1. Just to be sure I understand: with springs between alpha-carbon atoms less than 10 Å apart, which residue in Lys114, Lys51, Lys38 has the highest mean-square fluctuation in the Gaussian network model of the chain?
2. Given a 1.4 angstrom probe, what's the average accessible area per residue across the chain, in square angstrom?
3. With each pseudo-label sitting 7 Å past Cα toward Cβ, what's the Ile13-Tyr178 distance in nm, one decimal?
4. For region 124-169, state what percent of all Cα-Cα pairs lands in each successive 5 Å bin, counting from 0 Å until the bin that includes the largest distance.
5. Give a residue-ordered list of calculated ³J(HN,Hα) values for region 120-127 (Karplus: 6.51 cos²θ - 1.76 cosθ + 1.60, θ = phi - 60°; whole Hz; x for Gly, Pro).
6. Can you give the FRET efficiency for Phe77 and Ile157, using 1/(1 + (r/R0)^6), R0 = 25 Å, r = Cβ-Cβ distance, to the nearest 0.05?
7. Sorting Asp35, Asp42 by accessible area (1.4 Å probe), largest first, what list results?
8. Determine which residues of region 157-187 fall in the zone a paramagnetic label at Gln120 would reach in this model, i.e. backbone nitrogen under 11 Å from the point 7 Å along Cα→Cβ.
Amino acid sequence: MLNFILSIIEAFILFIPGFIANPAAVITGGHFPMDWGKNFLDGKRILGDGKTWTGYFGGSLIGVVAGFVLTGLFLLFGISGSVSYGSTIPSITVALLAMSFGSLTGDVTGSFIKRRIGIQRGGKGSLLDQWPFVLVSFLFLLIFSRGFFMAYYGNIIGALAILIITPPLHRAVNIVGYRMKKKDVPW
Ligand code: CTP
Ligand code: MG
C-alpha cells in the first residue's frame, strides 16, 4: 500500500514540468499564431489565435527550467537516487524537453480537435482541454525517454493517476488564473 501511494506521489511530482508548461504559455504567449491565421479544409481556423509560437516555445522552456529546479531539489533532499529524470545531464535534458514540448504539442492537438468540432477559441473543451497535453507528453516521453517513462509511468498506475488528477487540477489552476485576471474564462 505504501509503495502504491509512493509511486503515485513520485509520478505526480515528476510530471510537474508538464503541468507547468501548459499554463506558462499564457505568460509568454500572444505573438505569432502557430497556424499563421490560416483556415483548415473545413473553412475554420486550423488552430485559432489562442495557439502562438511564443506560447509554445516559452511555455515549453519554462517547463524545462522547472524540471531542472526540481532536479536541484531532489539532490538537495538526497532523494535523487529514487526520483529523477535521468542519471546524466543529457538524459535529464531529453526527458524534460520531451515532457514539456509534449505538453504544449498536446495542447495544440486539443485545440485542433476543438476547432474541427466547432468549439471556438477559448470555448470550454472539458477533457479536450485536459487530457491531450498529458497524453502527448506521455507519448513524447515514450518515444524519446523510454527508460524514464517506463520507470515511473510504465506500470500504468502512475499514468492513470496523472490522468485522474489532471481534470480537477486543470480546473483549479484556471479558476485561480481567472481570479488573478490572467484568464478571461474560469476553464
Ligand atoms: N497560449 C499561447 N500559445 C500556446 C498556448 C497558449 O499563446 N501555444 C496563450 C494564449 O494567449 C491562450 C492562453 O495562453 O489564449 C490560454 O491557453 P489555452 O486555454 O490553451 O487557449 P485558448 O485561448 O483557450 O484556446 P483554445 O480554445 O484553442 O484552447
Ligand atoms: Mg482555454
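1. Greatest mean-square fluctuation among the candidates belongs to Lys38.
2. Per-residue accessible area for the chain comes out at 53 Å².
3. 3.2 nm
4. Binned Cα distances yield the sequence 5, 22, 29, 23, 13, 6, 1, 0.
5. In residue order, the calculated couplings are 5, 3, x, x, 6, x, 6, 4 Hz.
6. 0.60
7. Listed by decreasing accessible area, they come as Asp42, Asp35.
8. Those under the cut-off are none; the list is empty.
The values are calculated or read from the model by the stated rules, or taken from the named source; none is laboratory data. Since the structure is predicted, the reported quantities are computational estimates derived from the model, not experimental observations. Quick reminder, even Gly has a Cβ in these numbers, built from the backbone with ideal geometry, and neighbours come from all protein chains shown. Ligands, DNA and RNA are excluded from the accessible area calculation, which covers all protein heavy atoms including side chains. Shrake-Rupley method; radii C 1.70, N 1.55, O 1.52, S 1.80 Å.
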